[in-house]
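Below is one structure, written out as structure tokens; comments come after it.
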Amino acid sequence: MTDFTELRPLMFSIAYRMTGSVSDAEDIVQEAFLRLTRTLREGTEIESPKAFLATVTTRLAITHLTSARVRRESYVGAWLPEPWIVDENDPAEQVEMADSLSMAFLIMLESLTPTERAVLLLHEVFGYDHAEVAVFTGKSEQNCRQILTRARRRIDEGGQPRFEASREQSEEVARRFFAAVAGGDLDSLLELLAPDVTMTGDGGGKAMALSGTLTGGERIARFLLGLLRRFGPMGTTIEVAWVNGQPGAVGYDVEHRVISVFSLDIADGKVQAIRSIVNPDKLTHLGPVSDLVLRPPRDLPCPAWCCVRPGTYPVRPGAAPAPGLTLSGLVLRPPRDLPCPAWRCARPGTYPVRHGLYG
């Protein structure tokens, strides 16, 4: 049987742009290939395996988005796509991905229905004609034209994102930006940030993130330097990366576990938008995920807390942490329902405990 794995990157590109999720895209592509294999084994002749896979991938993605829309309505905080880290040694791949895979563009697609998103992507990004799009989506050709017009109008109303025309210039701005953050250089940060720059964080309710969008160069600069003062002494590092076709970076803890991914929108030599993903569910495909910024579980039963040892997650006196739970207590807030207002820290940098609970 012929091996069609050379078509996998194209199918993944379609599925990822549709879902904004690396893990969901991989599942969809896997199912599409399984259906192709099963159909061929049944003896059915397929004239174009590429068209077959594109059709199955598109329709699976539409079905997935229909159910995912309900989940995203109850999502805690801002929703951002799962970051896709591109090989920085492959400029051709970066150029191919740049605009249609940017965080800004994928977020704009959220304003479209699943079918509108499919029609727009297939025609505008992947270059399929209306007849092919009609086959992939199961719609008539005339209907697809109408859907495309409606999708374009919605995207235009939202305002097209702007990016730096020169890849070299955007990389240089990003390098200087992250160097200024790492060096605690407020003046350099203010020089690189646009006056109306915005910053958005996605923690999904599972990690500490901005509760809303932060706006303004000085506010964001001071916020970033505050993060540096808080986490820098813990051995955290930032490595510049190419994120969703745009400059960005990955933050690591002292054990080189992923803390967060940053994506930058750069235009006119300034950083126009910063997006930070700290939701651990969206970082697992990048490697081991740090527990440094995780929130405590909400269903912990007892208000009497202490630390098992300095720097660990607080647990009830005499109890053990939940199986498999290895969380840091370095940045946790004390529970609000603690009965005793007299608190102290067991030692600097550890979770605060009540007098007498920890020596």
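The values are calculated or read from the model by the stated rules, or taken from the named source; none is laboratory data. The model shown is predicted, which means the values in this text are computed figures rather than measured ones. Here the Cβ positions follow ideal geometry from the backbone for every residue, glycine too, while neighbour counts run over all protein chains shown.
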Determine the pairs where a residue that is outside any helix (DSSP H, G or I), located within region 111-138, has a partner that is of a type in the set (Gly, Ala, Ser) with Cβ atoms under 8 Å apart, the partner being 6 or more residues away or on another chain. SER111/GLY158; LEU112/ALA151; PHE126/SER13; TYR128/ALA54
Qualifying positions in region 182-206 - of a type in the set (D, E, K, R) and not in a helix (DSSP H, G or I): ASP185, ASP196, ASP202, LYS206
Could you list, ordered by first residue, the pairs with Cβ atoms under 6 Å in which the first is in region 166-184 and at positive phi and the second is outside any loop (DSSP other than H, G, I, E, B), at least 6 apart or interchain? GLY184/LEU225; GLY184/LEU228
Given (1) on the phi < 0 side of the Ramachandran plot; (2) at pLDDT 95 or above, GLY216 misses just (1)
Has region 20-41 got at least one residue that is hydroxyl-bearing (Ser, Thr, Tyr) and buried (at least 19 other Cβ atoms within 10 Å of the Cβ)? yes
Of the conditions (1) under 24 Å from SER102 (Cα atoms); (2) outside the structural domain of ASP268 (by TED's automatic domain parsing), ASN143 clears all except one; give me its number. (1)
Of the listed residues (LEU109, LEU7), the one being farther than 25 Å from LYS206 by Cα, out of contact with any Cys (no Cβ under 9 Å at 6 or more places or on another chain) and modelled with pLDDT of 90 or more is LEU7
Which residue pairs have Cβ atoms under 6 Å apart, sit 6 or more places apart or on different chains, and have a first residue in region 241-260 that is under 18 Å from MET103 (Cβ atoms) and assigned by TED's automatic domain parsing to the domain that holds VAL271 and a second that is aromatic (Phe, Trp, Tyr) and assigned to a loop (DSSP other than H, G, I, E, B)? ASN244/TRP84
Going by what's in this entry, would GLU157 be described as surrounded by fewer than 13 Cβ atoms within 10 Å (Cβ to Cβ), among the charged types (D, E, K, R) and outside any strand (DSSP E or B)? yes
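Here is a list: ALA209, ALA221, ALA241, ALA179. Which entry is assigned to a helix (DSSP H, G or I) and surrounded by 18 or more Cβ atoms within 10 Å (Cβ to Cβ)? Give the derivation first.
Working: ALA209 fails: assigned to a helix (DSSP H, G or I); ALA241 fails: assigned to a helix (DSSP H, G or I); ALA179 fails: surrounded by 18 or more Cβ atoms within 10 Å (Cβ to Cβ).
Every option except ALA221 fails the conditions.
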With respect to the numbered conditions (1) modelled with pLDDT of 95 or more; (2) crowded, with 19+ Cβ neighbours inside 10 Å; (3) under 23 Å from the mean Cα position of the chain (by Cα); (4) not aromatic (Phe, Trp, Tyr), which one is the sole condition not fulfilled by GLU164? (1)
Candidates ASP187, ASP196, filtered to the one that is within 23 Å of ARG230 (Cα to Cα), out of contact with any Lys or Arg (no Cβ under 7 Å at 6 or more places or on another chain) and outside the structural domain of VAL76 (by TED's automatic domain parsing): ASP187
